[in-house]
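These notes are about the structure you will find just below.
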Amino acid sequence: MIYIGNHVSVSKGYAAMGRHALSLGGDTFAFFPRNPRGGRSKTPSDGDVAALRRLLAENGFGKLVVHGAYTMNVCAAKEEVRANSFEMLRDDLLRLQALPGNYYNLHPGCHTGQGAQAGTAQIAAALAEAVRAAEEASGMPLQNTILLETMAGKGSEVGGTFEELQAVITQAAQLGGDALAMRLGVCLDTCHVWDGGYDIRHDLDGVLRTFDRVIGLEKLCAVHLNDSKNPCGSHKDRHEKLGQGCIGAEALCAVVRHPLLQDRPFILETPNDDAGYREEIRTVREWMM
Ligand code: FE
Ligand code: FE
Ligand code: ZN
């Protein structure tokens, strides 16, 4: 069994997100703690956070997969972008201390001409420092696990290969030790890995074996379940509704049913409205049986 849900809006508060996800048939969800394009985040009241936690527990929700802002880029060549991005990261981690036991997923970043090696080093350093700062400010160990998202490898994106993600984790562990390494994982985006050249349609087992060899399957904590508008290896990153893209329903069904991927939260990021998400969640639940 997997947990399934989609992105919901934080605009009406935390408990409202849980009710919205529930109304669509989900038992996990994703949200942006701040505008996905960056900017400020609202601080929810303690009561609102407690109400969400109660709703999640009462309804058997799996872990949530919170999503960092798209504009966050801790490995940008521009110092100012790096500094702003670091501040967003630190602030998100600190805020989420109130919502323990969940995942915080981020796009590793774009090296913007510095090269992937410089990029992975900057990401690792930012993670180590942001975790340290959030722990210090909250006076407790980090309460959530940080996930690096597999990327399509478009432009100068870092994380288009499993090797680059592993490089970030290895370098972060050198800075923050085992305690930090244990707080890092990976979110596998089916559209992104496909666009990145991993053929999950014809060789899902082979892709998972590669993931296991390079990173370790115990680090694969969550899945973004999307079809892709483009062929394998296109490096485009255009999501499509399940079964309407180049990956196809059969292959995505195999991902949902794969024995090595059970018990994880799966998040839909397909181009849908509420009615479309309700329908896709129903479809995924049929696949699970
Ligand atoms: Fe993402
Ligand atoms: Fe994604
Ligand atoms: Zn994407």
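Helices assigned as whole DSSP H runs in the chain whose Cα atoms extend at least 30 Å along their own long axis and whose mean Kyte-Doolittle hydropathy is 0.0 or higher are found at 116-138. Other residues within the sphere of radius under 11 Å centred on the Cβ of ARG90, judged by their own Cβ, net out at -4 (K and R +1, D and E -1). Counting only DSSP H runs of at least 4 residues, each contributing -39500 (n - 2.57), and dividing by the residue count of the chain, the helix-based mean residue ellipticity at 222 nm comes to -14000 deg cm²/dmol. Per-residue Karplus couplings for segment 2-11, computed as 6.51 cos²θ - 1.76 cosθ + 1.60 with θ equal to phi - 60°, are listed in order as 10, 9, 9, x, 9, 6, 10, 8, 8, 4 Hz, Gly and Pro entered as x. Shape analysis of segment 1-143 yields a ratio of the Cα radius of gyration to the Kirkwood radius, Rg/Rh, of 1.00.
Computed packing ranks the peptides 149-156, 10-17, 43-50 as 149-156, 10-17, 43-50, most packed first, by mean other Cβ atoms within 10 Å. Across all C-alpha atoms in segment 130-274, the radius of gyration and Dmax reach 15.9, 48 Å.
Residues VAL8, VAL74 in ascending order of nearby Cβ atoms (within 10 Å, fewest first): VAL8, VAL74.
The relative contact order of the chain, computed from alpha carbon pairs under 8 Å that lie at least 6 residues apart in sequence, is 18 percent.
Ordered from longest to shortest, the equivalent ellipsoid semi-axes for the chain are 26, 25, 17 Å, each the square root of 5 times a Cα gyration tensor eigenvalue. Residue exposure proxy: TRP287, TRP194, ordered by other Cβ atoms within 10 angstrom of their Cβ from fewest to most, comes out as TRP287, TRP194.
Please give the net charge around THR120, taking every other residue with its beta carbon less than 13 angstrom from that of THR120, where Lys and Arg add +1 and Asp and Glu add -1. With Lys, Arg at +1 and Asp, Glu at -1, the net is -3.
Neighbours of GLU136 by Cβ distance under 12 Å: Lys/Arg scored +1, Asp/Glu scored -1, total 0.
Bear in mind these aren't lab numbers, they're just calculated from the coordinates by the rules spelled out. All of these numbers come straight from a predicted model, not from anything done at the bench. Reconstructed Cβ throughout: ideal geometry from the backbone, glycine too, with neighbour counts over all protein chains shown.
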